[in-house]
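Step one of this worksheet: look at the structure below.
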């Protein structure tokens, strides 16, 4: 369907001279990306209403079937072809421009120095076809501001060029810089990942629910359809939280390069994320109860405008801390003993769980801990704090405690709960001061300049 | 109107809690900001709205119930009346609790009587300053200033300002924000 003449997507540099902007089309397999949709609709309908589907199928004659195919296939092909034909992208000195739309024209200008992360993803079918998706995460971009699909080599070359331009290399040399060398920081062994999933309480909860609820229903109603209707979604949820997570977090590799952090993962769908230096807003260390004996932790991160939030699915604490030290330069994860609990009277505000709260402020980070069983430690570099708030309810004031909220650019708020009221007031002022001065040492947006 | 100059604080001697804060590693700033309260226009507007709405409801219920169900039932009109009498001083307390201070590098907003909240926004983090004024606010000569940072949770709004003051604040904040601008 895509044999029509057109500019072949250039695998070489999109821009030769600074001035003329060369526009490119996406890979010719792109029109096929939505080809599965009508089939999925038919299958969904057949599953939803098997009797009706059976009846309709018997009524179908060869002629009507052929007629339907003769109408639907060219229409779909034409639509796919036209969307592909009218989608162009170009790399200019300062931005990536994506022009789409046949009837409603839309041009997205993505400024390169504002890049928060670049993702290259290769879903299973795209891997078979040898193509990849490239997405730039900038605050405020839509999910449709992505380049799907590009040839794999082209996607990699384009990513390298975009990163080089974003880093501040001269536009003329940007495409010659090539891929920055990667130094591997961490690779999660498959066995460890599997054990960590087995030791996750949520996994068992969904599995037990998927078995118990349908059995109870069977005993109560003895209706196959009711049981199936509840069992299938439950099994789906259980599958997503176990097999889905395993498949997604399989072969998790974290690397470090001059272009920033590299995260590669996935068994069927491969994803390659790049987070340039200084883009990480917050880091969270999560320690589920059952992992504690093994000393394992999970590390999540927040980047503004990016949906990726996982840094390390499972790793021993020391390894995870060394990775965090690379991600947030100059930051050492505060020791457990450094975290100060709220005053004892806080137990009247939050019984029992008050013991899980903790706070410490170092030269570089604001670190707050939550949770008693599943411990969570949030780290915010001072330079990433957007605003600081102090909140105190009537009961908290009666007990002389207050909460301090620290807002970051990734729309995450880290809260130090139930601090002593005078301490909280001082913390508010001091944190504002620190976040202001902390920015002076921050890296420039163009990290190579 | 005063601008955000710093003023050395002389009489602040709450030394309790110093030990704890030192553990956490916090420098004590002995600079007390210059707080500015809200002009009385906002209080007037809110009280008038309160009287108009609740007074109307009181009279409406009293008349309607007294006419349809009898004078005893008209006592229900005491409910909105009580609310009105309670709301009058409450609005005053809430109005008094609002204050803001422009410091050299950040803006402070403090508000709330029972649920107190104090917000600090460094000027360099401001992405946008909005001045809004609805029809009722305009009638009373009021405008509110809203600051936005890259964090959606930042809730820095100053309601009920004099329009001239709101514009002065907007210009000053924009100027300071440009001078101290920093990325994400």
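Kindly evaluate residue A:416 against the criterion of being buried (at least 19 other Cβ atoms within 10 Å of the Cβ), out of contact with any helix residue (DSSP H, G or I) (no Cβ under 9 Å at 6 or more places or on another chain), at pLDDT 90 or above and within 10 Å of chain B (Cβ to nearest Cβ).
The answer is no for residue A:416.
Check residue A:268 against each of (1) within 18 Å of residue A:121 (Cα to Cα); (2) surrounded by 13 or more Cβ atoms within 10 Å (Cβ to Cβ); (3) out of contact with any strand residue (DSSP E or B) (no Cβ under 6 Å at 6 or more places or on another chain) and name the one condition it does not meet.
Failing condition for residue A:268: (2).
Looking only at the stretch B:130-184, count every residue that is assigned to a loop (DSSP other than H, G, I, E, B) and over 30 Å from residue A:380 (Cβ atoms) and tell me the total.
So the count comes out to 6.
Any idea which of B:179, B:156 is within 13 Å of another protein chain (Cβ to nearest Cβ), surrounded by fewer than 17 Cβ atoms within 10 Å (Cβ to Cβ) and touching a residue at least 12 places away in the same chain (Cβ under 8 Å)?
After applying the criteria, what remains is B:179.
Among A:282, A:274, which is the only one that is under 30 Å from residue A:157 (Cβ atoms) and in contact (Cβ under 8 Å) with a residue 24 or more places away in the chain?
One residue alone meets the criteria, A:274.
What pairs come out if I take residues in the stretch A:57-69 that are without any contact (Cβ under 8 Å) to a residue 40 or more places away in the chain and pair them with residues that are assigned to a helix (DSSP H, G or I) whose C-beta lies under 9 Å away, six or more apart or interchain?
Matching pairs, first to second residue: A:57/A:46; A:60/A:68.
Just a yes or no: is a residue in the stretch B:6-18 more than 14 Å from chain A (Cβ to nearest Cβ), surrounded by fewer than 11 Cβ atoms within 10 Å (Cβ to Cβ), at negative phi and modelled with pLDDT of 85 or more?
No, the stretch B:6-18 contains no residue that is more than 14 Å from chain A (Cβ to nearest Cβ), surrounded by fewer than 11 Cβ atoms within 10 Å (Cβ to Cβ), at negative phi and modelled with pLDDT of 85 or more.
Tally up the residues in the stretch A:326-348 that are within 14 Å of chain B (Cβ to nearest Cβ), buried (at least 18 other Cβ atoms within 10 Å of the Cβ) and touching a helix residue (DSSP H, G or I) at 6+ places or on another chain (Cβ under 9 Å), please.
Number of matching residues: 4.
Using the structure shown, decide if residue A:436 is surrounded by fewer than 23 Cβ atoms within 10 Å (Cβ to Cβ) and either at positive phi or facing chain B (nearest Cβ under 7 Å) (or both).
It is true that residue A:436 is surrounded by fewer than 23 Cβ atoms within 10 Å (Cβ to Cβ) and either at positive phi or facing chain B (nearest Cβ under 7 Å) (or both).
Being within 14 Å of another protein chain (Cβ to nearest Cβ), in a helix (DSSP H, G or I) and touching a strand residue (DSSP E or B) at 6+ places or on another chain (Cβ under 7 Å): is that true of residue B:107 here?
Spelling it out, it is not the case that residue B:107 is within 14 Å of another protein chain (Cβ to nearest Cβ), in a helix (DSSP H, G or I) and touching a strand residue (DSSP E or B) at 6+ places or on another chain (Cβ under 7 Å).
Restricting to the stretch B:110-131, give me the number of residues that are out of contact with any helix residue (DSSP H, G or I) (no Cβ under 6 Å at 6 or more places or on another chain), more than 7 Å from every other protein chain (Cβ to nearest Cβ) and under 11 Å from residue B:147 (Cα atoms).
Looking only at that region, the number is 3.
So the check is Cβ under 8 Å with 6+ separation or different chains; which pairs have a first residue in the stretch A:157-185 that's free of Cβ contacts under 8 Å to residues at least 12 places away in the same chain and a second one that's in a helix (DSSP H, G or I)?
Taking only residues 6 or more apart or on different chains, the pairs are A:173/A:164.
Run residue A:164 past the list (1) part of a helix (DSSP H, G or I); (2) crowded, with 20+ Cβ neighbours inside 10 Å; (3) under 21 Å from the mean Cα position of the chain (by Cα) and report the number of the one that doesn't hold.
Result: residue A:164 passes all but (3).
Could you please give the count of residues in the stretch A:114-137 that are outside any strand (DSSP E or B) and buried (at least 19 other Cβ atoms within 10 Å of the Cβ)?
Summing the residues that are outside any strand (DSSP E or B) and buried (at least 19 other Cβ atoms within 10 Å of the Cβ) in the stretch A:114-137 gives 5.
Give the number of residues within the stretch A:306-325 that are surrounded by fewer than 20 Cβ atoms within 10 Å (Cβ to Cβ) and over 18 Å from residue A:255 (Cα atoms).
1
Determine which member of the set A:140, A:178 is within 20 Å of residue A:255 (Cβ to Cβ), surrounded by fewer than 17 Cβ atoms within 10 Å (Cβ to Cβ) and at pLDDT below 85.
Result: A:178 is the single residue among A:140, A:178 that is within 20 Å of residue A:255 (Cβ to Cβ), surrounded by fewer than 17 Cβ atoms within 10 Å (Cβ to Cβ) and at pLDDT below 85.
Can you say whether residue A:6 is modelled with pLDDT under 70 and either under 34 Å from the mean Cα position of the chain (by Cα) or not assigned by TED's automatic domain parsing to the domain that holds residue A:146 (or both), as far as the supplied structure shows?
For residue A:6, the condition - modelled with pLDDT under 70 and either under 34 Å from the mean Cα position of the chain (by Cα) or not assigned by TED's automatic domain parsing to the domain that holds residue A:146 (or both) - is met.
Considering only residues of the stretch A:375-413 that are closer than 20 Å to residue A:346 by Cα and more than 10 Å from every other protein chain (Cβ to nearest Cβ), which is surrounded by the fewest Cβ atoms within 10 Å (Cβ to Cβ)?
Ranking the qualifying residues of the stretch A:375-413, first place goes to A:398.
Go through the stretch A:352-368 residue by residue and tally those that are within 24 Å of residue A:439 (Cα to Cα) and either more than 11 Å from chain B (Cβ to nearest Cβ) or assigned to a strand (DSSP E or B) (or both).
Looking only at that region, the number is 8.
The values are calculated or read from the model by the stated rules, or taken from the named source; none is laboratory data. Please read these numbers as outputs of a predicted model, since none were measured by experiment. All Cβ positions, even for glycine, are placed from backbone atoms using ideal geometry, and neighbour counts span all protein chains on display.
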